[in-house]
1. What does the charge add up to near LEU48, with Lys and Arg as +1, Asp and Glu as -1, over the other residues with Cβ less than 13 Å from its Cβ?
2. I need GLU100, GLU50 ordered by Cβ neighbour count within 10 Å, fewest first.
3. For the residue pair LEU109 and ASP54, what label-to-label distance in nm results when each label sits 7 Å from Cα along the Cα-to-beta-carbon direction?
4. Once phi is turned into ³J(HN,Hα) by the Karplus curve 6.51 cos²θ - 1.76 cosθ + 1.60 with θ = phi - 60°, what whole-Hz value does each residue of segment 28-42 show in order, with x for glycine and proline?
5. Counting other beta carbons within 10 Å of each Cβ, put VAL88, VAL45, VAL78 in order, fewest first.
6. Once R0 is set to 30 Å, what does the formula 1/(1 + (r/R0)^6) return for the Cβ-Cβ distance between GLU87 and VAL45, expressed as a FRET efficiency to the nearest 0.05?
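Since every read-out is calculated from the coordinates, none of them should be taken as a lab result. Quick caveat, the model's predicted, so the values are computed rather than measured. Neighbour counts run over all protein chains shown; Cβ positions are idealised from the backbone, glycine included.
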Amino acid sequence: MVLRSVNAAPGTRLSCDDARVSLSPFHLAVPVDDIAAARAFYGGVLGLAEGRSDVNWVDWNLDGHQLVTHRAPGSGPVGHSHVDGHEVPVPHFGLVLAVERFHELAARLRGAGTRS
């Protein structure tokens, strides 16, 4: 996992373990087809703490950030973009994690039988 510091020269790459960064929490709403399936994945598989919820949405604590799953059947990626030899879905988001936390989440995903 790599990020570029706003104080670094262009092209300087720092791992998240090297960077001393203070970030404000973000709020991100993502569409899901099924709230129960979202609870099973985000709460059960990833182990995120559930916050407020309603029949059509659930707030999740994603390492101090607010991820909200909203019931929006039929939604999905708008397109794909070519990045570093891979086709990635757009829109998408990522979370910069310490290496230990990354491996913890990866193990949870493998343990649940998820696939990329």
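1. Surrounding charge for LEU48 is -1.
2. Fewest to most other Cβ atoms nearby, the residues stand as GLU100, GLU50.
3. So the label points at LEU109 and ASP54 sit 3.1 nm apart.
4. So the Karplus estimates, Gly and Pro as x, are 9, 9, 10, x, 9, 7, 9, 5, 5, 5, 5, 4, 4, 7, 5 Hz.
5. Listing VAL88, VAL45, VAL78 from fewest to most nearby Cβ atoms yields VAL78, VAL88, VAL45.
6. Values: r = 24 Å, r/R0 = 0.81.
It comes to 0.80.
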